Structure formats: structure tokens, C-alpha cells
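In what follows, a structure is listed as C-alpha cells, so that the remarks can point back to it.
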Amino acid sequence: MEAEPEDSSAIRALFEKVFEHEMSERHWDWKYQHGRGQGVVVKHGDEIVAFYGAVKRIVSSRGELTNTLQCVDTMVDTSQRGSLSKKGPYYLAATTFLQSYIGFDKPYLFGYGFPNARVMKLGEILGVQADIGSVVELEWQPKLAAGLTGSRITLDAGEHGELVTTLWNAMSSSLADRIVVVRDIDYLLYRYNENPSHEYQVHLVASGSDDVLGVLVTRNANGKLLVLDMVAQLANYPLLISFARDLAARSSLSAVSTWTAEPDVGLFASSEPTVESDNRSPDSGDTLVREIGVKIPTSVCSPGPSPESLQDAWFLLAGDTDFL
């Protein structure tokens, strides 16, 4: 059944039981309040034993704007884990949600998310989703950079809206054959300024001639500089990473990292990337590619775009998650 506002406390308690850490009320509201999200619950008696939730995103799908859903919360009570079958609460939650919202003649044509490999495999076995790509982690060593400058800003719609629009238009024109979340000023303000769980740093990165190359969003995470977002022409991505590496060096952080869809690794690298399992150690100029077991799914519960038509179509960065 559809989740109601009064279910939020019970769902957050289930989240803490399953994942062994808290989801604050503020974080829940940031995701689901004001019509931002949809969800369904499965109950055993009066107790919620499963939840499937997603948040709305505006995307550019091969050059056309459309609404989609990003699955952000999938959870089943530990007491029900033996029922991961087509009669169990996970299957009931997933199919009820996906059949209601995703597909041809549904409110949203397709959806996506960031499940780990175990959850992805379960979805495939139960016939609710298909694997359409992988996400990898990229990492660089800190390194001072010459010829680049950056000013830290607090994003403001009046002051930065026009610039963000210009940068986003340049970025999206290079992604006309892909699916990408729209990075306009409203999205950036919501995703980064209003997020109650993390504090982010936003820089305008420029070349020596003061030409703005792009917007860079980062945060310090476990001693590393995590790059969440870059709004810029794709050709400028290596320069923004160079600036991030400079920031990390000046802040005595151990590394710079980000996430991206596997086919896009080369956009970030000025030299051939090094896969972590290679039998050599990366030097200071290398991009290190690390498998993290994160998959990109699409629903197959209802008639909709085929998995083949969506294979490797998504352009994703770390900030496209709701949790980083």
C-alpha cells in the first residue's frame, strides 16, 4: 500500500534496524516531503516490514526533458529476510511500486538507482529489474596545479542562476545521446544547500584568464576530498579534477575521489586510467579505477523501454546519489 505521512517514524525505525544507523527526520523530510517522493509499505498486521521509496528527478533523456524516479530506499525487516521470494515482502513492495509508477502509460517512463550487486542480483532473480550498467569509483593523488583558480561560493539563485544555466547548457549539449539529471540552479540548491546531513563546498573554477570553467561541488569525507558534482563542458572535467587535486594537496587530504558510470571513466583522465587490480602501482598522474559493486537498474515489471535501449545510457556522478 502507498506510504502515508504518518508512516514516516515507523519507516525510519525500520531503516535504523536494517542499516544500523539513523535516518534523521530532517533527512527524511528533505527526500520525501512536499511531493518530492513516493513510496509503498508492506505490513504484517500493523507493523511495517518492508518499504520501497523513490524521489522525483528531472532528467534530460537524449535531449528531451522528462520526469523520472530514483529509487533511494529499499528495506525489509530482518525478521522477514527468509521471505525473499515472489511471495515475500520485498517482491510485494517492489512490484507494487514499480507497476504503479514506472513504464509506458505510467506517471514515469523509467527509473534508476544505485543498488549494490547483491540487491541487483535479487531484483534480477525475482524479475523486477534488469542490470543496465555499473558505477565505479575514481581516485587521484593530491597534486598542486598551476594556472587554475577557484573562488568558494554559497550558491544563490539570483547571483549564480544565469551562470549555472550557461554551464549546464554547455554540459548537456555534449550529452544529447545520454540520460542525465538536470543540473539547474534549483536542483543544485536543493541537492547541496538544503541537504541536512552533509556540508558541501562549492567552487567556481577558472583558468588563468578568469574564464569560468565550471562549478565544482566537494566535501571532505574520511580524509579524502569527494567530488560530488561538476557542472561544466565535459572537455573541462580534467581541469576541474586538477583543481580538486590542488585543493586536496593544500588541505593535506589523502586523495580525491568520485563516482561515475563505467563508460565515462575517460572523461576525467588526462592519461590512461589504471584499474586497481592491475599489477602495477599507479603514479601520481594516474586515474585509479576501483570496482565498488554498484549497479544501475531499470524496471522490467511493466511494459516500458527495453533494458537494451537503456544499456550504459545514464551519465552519473557521486552527487546523483542521495547519501554521499
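When restricted to residues that are under 22 Å from GLY111 (Cβ atoms) and polar (S, T, N, Q), the stretch 162-190 contains 1. One residue alone among ALA244, ALA269 is under 22 Å from the mean Cα position of the chain (by Cα), surrounded by fewer than 21 Cβ atoms within 10 Å (Cβ to Cβ), within 18 Å of LEU288 (Cα to Cα) and among the small types (Gly, Ala, Ser), and that residue is ALA269. Given the condition at pLDDT below 95, surrounded by fewer than 22 Cβ atoms within 10 Å (Cβ to Cβ) and more than 26 Å from ALA176 (Cβ to Cβ), answer yes or no: does some residue in the stretch 222-238 qualify? Yes, there is a match, as at least one residue in the stretch 222-238 is at pLDDT below 95, surrounded by fewer than 22 Cβ atoms within 10 Å (Cβ to Cβ) and more than 26 Å from ALA176 (Cβ to Cβ).
From the list VAL202, VAL182, the one residue that fits, being modelled with pLDDT of 95 or more, buried (at least 17 other Cβ atoms within 10 Å of the Cβ) and of a type in the set (A, V, I, L, M, F, W, C), is VAL202. Suppose the filter is among the charged types (D, E, K, R), under 24 Å from LEU65 (Cβ atoms), surrounded by fewer than 16 Cβ atoms within 10 Å (Cβ to Cβ) and touching a Lys or Arg at 6+ places or on another chain (Cβ under 9 Å); does ASP177 pass it? In short, yes. Among residues of the stretch 306-324 that are within 10 Å of ARG178 (Cα to Cα), those with a Cβ under 6 angstrom from a residue that is of a type outside the set (Val, Ile, Thr) and part of a helix (DSSP H, G or I), sequence gap 6+ or separate chain, pair up as ASP312/PRO263. Once the stretch 301-318 is narrowed to residues that are among the small types (Gly, Ala, Ser) and buried (at least 16 other Cβ atoms within 10 Å of the Cβ), the residue that is modelled with the lowest pLDDT is GLY304. ASP7 passes every criterion in (1) in contact (Cβ under 8 Å) with a residue 40 or more places away in the chain; (2) within 23 Å of the chain's Cα centre (by Cα) apart from (2). With respect to (1) crowded, with 16+ Cβ neighbours inside 10 Å; (2) without any contact (Cβ under 8 Å) to a residue 12 or more places away in the chain, the lone exception for GLN70 is condition (2). Filter the stretch 42-61 for residues that are over 18 Å from GLY123 (Cβ atoms), modelled with pLDDT of 95 or more and of a type outside the set (Lys, Arg); which is surrounded by the fewest Cβ atoms within 10 Å (Cβ to Cβ)? Residue satisfying both the conditions and the ranking: ILE58.
Of the numbered conditions (1) part of a strand (DSSP E or B); (2) in contact with a helix residue (DSSP H, G or I) (Cβ under 8 Å, 6 or more places away or on another chain), TYR112 satisfies every one except a single condition; which is it? All conditions are met except number (2). In the stretch 205-221, the residue that is surrounded by the fewest Cβ atoms within 10 Å (Cβ to Cβ) out of those that are farther than 20 Å from TRP30 by Cα and of a type in the set (S, T, N, Q) is SER209. Among residues belonging to the stretch 122-177 that are part of a strand (DSSP E or B) and free of Cβ contacts under 8 Å to residues at least 60 places away in the same chain, point out the one that is farthest from ARG219 (Cα to Cα). Restricting to residues being part of a strand (DSSP E or B) and free of Cβ contacts under 8 Å to residues at least 60 places away in the same chain, the top hit is SER151.
Considering the stretch 223-247, the residues that are of a type outside the set (Asp, Glu) and assigned to a strand (DSSP E or B) include one that is farthest from ALA146 (Cα to Cα), namely LEU228. Can you confirm whether the stretch 179-188 contains a residue that is of a type outside the set (D, E, K, R) and over 21 Å from TYR112 (Cβ atoms)? Scanning the stretch 179-188, I find at least one residue that is of a type outside the set (D, E, K, R) and over 21 Å from TYR112 (Cβ atoms), so the answer is yes.
Within the stretch 19-37, restricting attention to residues that are more than 25 Å from THR68 (Cα to Cα) and either out of contact with any helix residue (DSSP H, G or I) (no Cβ under 9 Å at 6 or more places or on another chain) or at pLDDT below 90 (or both), the residue that is surrounded by the most Cβ atoms within 10 Å (Cβ to Cβ) is PHE19.
The values are calculated or read from the model by the stated rules, or taken from the named source; none is laboratory data. What you see is a predicted model; the values in this text were computed from it and never measured. Backbone-built Cβ (ideal geometry, glycine too); neighbour counts: all protein chains shown.
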